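Let me begin by presenting the structure, written as structure tokens, before commenting on it.
The values are calculated or read from the model by the stated rules, or taken from the named source; none is laboratory data. This one's a predicted model, so the numbers in the text were calculated from it and none came from an experiment. Neighbour counts are summed over all protein chains in view; Cβ atoms, including those assigned to glycine, are modelled from backbone coordinates with ideal geometry.
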Amino acid sequence: MKRAIALLVLLTLSSISSASAVVPKTFTFTGSGYGHGVGLSQYGAKGQALEGKSATEILNYYFPQAQVTPVADTATISVNIAHQVSALSLVLPASDTATVSIDTAVATSYPQNTALNFAITGKSISGPGGIGKLWVIKWNNPQSVVSVVSGKAKFQVSHGYIQLRAVNAPGIGFRIEATNWLRLHDEYLYGIAEVPSSWPAAALQSQVIASRTYALMRMNSIKKACDCHVYNSKYDQAFVGYSKEGEPRYGQFWKAAVDATAVDEGSGLAITINQLPVSVFFSSSSGGMTQRAVDVWGTDIPHLVSVADPWSVDPAVNKNYSNWTKKVSQKVMAKAFGLTDVIEIKIGERTSTNSVLKVTGVASDGKTKTLPVGTFKTAVKMPSSWFQLVLI
């Protein structure tokens, strides 16, 4: 009887404790850095460039086991510029004409001011003059800037040509994959928008070399999902086409940085080991030390090592992310963990650079859920994995 009473008391106290648990409206975190922190720190490159370091010195610092050497880079790269769209239009300048080919058909020339509208029809793409699975659109004036418009999205292209292919997208059916095919050596790099064009020349050149290397390592095969070598987004690296080189005032500096990394017409500088390009990564900034690949993705890549990165946590260099504060609502936090609510956050083990590896959420009903930091960051839009919870 005494045992039954004791058990009842414990259950009652537990029920009261759960019922009276305070469910915070928000959780506040503070931290440093932005991105995964592996490889080249972009703000670190900026800081070193301001100190007078060259692009090669910057890259040798972040990739100490590699070298910066010339490689052949004249191959044509395919960049996805419109993914899984049902319709799009191509708008040429009034002074230009277009040549369009469908599948294996002979190309047809379209005069000025012709509307080039395309849409998915069944398993194919309908457009001016016919229907087919593969379309190639070229313009005759190499100085033209062509607009690719899909819904509210507009993408400006100034080099190469555009290819449209009907691709079966799982769960939604056939859609248009629009790709820009252009020369890696310069045309593709002119459109990379990873860092501000106003940065010091050495920082821009280090990004160009890293971007060239990144692209070279992803040109061995076409991804079926996008009919491309690379996406134009964070899934690979930011590519905005003409919008980058055409920036008022600063676009010329980015273009000059690309040209400065060209060795001759057929080769450009890249990050290599034994004269072969290596896998490279880059992100905005770190929490003071860059990360090893194994700590972020679980795969050890020996040349991606951790090095000191004090420029990332220097407010004079990295104004926005040397130190940041992030508030997460109860609704967002509960959804992230898949719990009814979250009353407590437990930050688990950390790496040698003090970045978080795992985060645990505790609900008022006693249930818990542990997430890898990558999943947690994405769900709550945390800038980096260098953070701590502010206890109130």
Checking the structure you have, find out if any residue of region 305-315 is in a strand (DSSP E or B) and in contact with a Phe, Trp or Tyr (Cβ under 8 Å, 6 or more places away or on another chain). no
Among the residues of region 30-61, the number that are hydroxyl-bearing (Ser, Thr, Tyr), outside any helix (DSSP H, G or I) and farther than 13 Å from residue 308 by Cα is 4
Out of curiosity, is residue 50 among the aliphatic types (A, V, I, L, M) and surrounded by 24 or more Cβ atoms within 10 Å (Cβ to Cβ)? no
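Filter region 168-195 down to residues that are in a helix (DSSP H, G or I) and of a type in the set (Phe, Trp, Tyr) and give me whichever is surrounded by the fewest Cβ atoms within 10 Å (Cβ to Cβ).
Across region 168-195, the extreme among qualifying residues is 190.
Among the residues of region 255-276, write down those that are in contact with a helix residue (DSSP H, G or I) (Cβ under 6 Å, 6 or more places away or on another chain) and closer than 30 Å to residue 301 by Cβ.
The answer is 257, 258, 260, 261, 268, 269, 270, 271.
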Exactly one condition in (1) part of a strand (DSSP E or B); (2) hydroxyl-bearing (Ser, Thr, Tyr); (3) within 29 Å of residue 169 (Cβ to Cβ) is false for residue 104; which is it? (1)
Select from region 65-101 the residues that are part of a strand (DSSP E or B), free of Cβ contacts under 8 Å to residues at least 60 places away in the same chain, under 25 Å from residue 191 (Cα atoms) and among the polar types (S, T, N, Q) and list them in ascending order. 99
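Could we say that residue 338 is out of contact with any helix residue (DSSP H, G or I) (no Cβ under 7 Å at 6 or more places or on another chain) and modelled with pLDDT of 95 or more here?
Answer is yes for this residue.
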Can you find even one residue in region 367-378 that is loosely packed, with under 13 Cβ neighbours inside 10 Å and of a type in the set (D, E, K, R)? no
Within region 248-287, take every residue that is assigned to a loop (DSSP other than H, G, I, E, B) and more than 21 Å from the chain's Cα centre (by Cα) and give me the one that is surrounded by the most Cβ atoms within 10 Å (Cβ to Cβ). 261
Is it true that residue 322 is of a type in the set (Gly, Ala, Ser), in a loop (DSSP other than H, G, I, E, B), modelled with pLDDT of 95 or more and touching a Pro at 6+ places or on another chain (Cβ under 8 Å)? yes
Being among the polar types (S, T, N, Q), surrounded by fewer than 20 Cβ atoms within 10 Å (Cβ to Cβ), within 22 Å of the chain's Cα centre (by Cα) and within 26 Å of residue 41 (Cα to Cα) narrows it down to one of 206, 150, 198, so name that one. 198
Do you know which residues across region 356-368 are in contact with a helix residue (DSSP H, G or I) (Cβ under 7 Å, 6 or more places away or on another chain) and within 20 Å of residue 378 (Cα to Cα)? 356, 357, 358, 359, 361
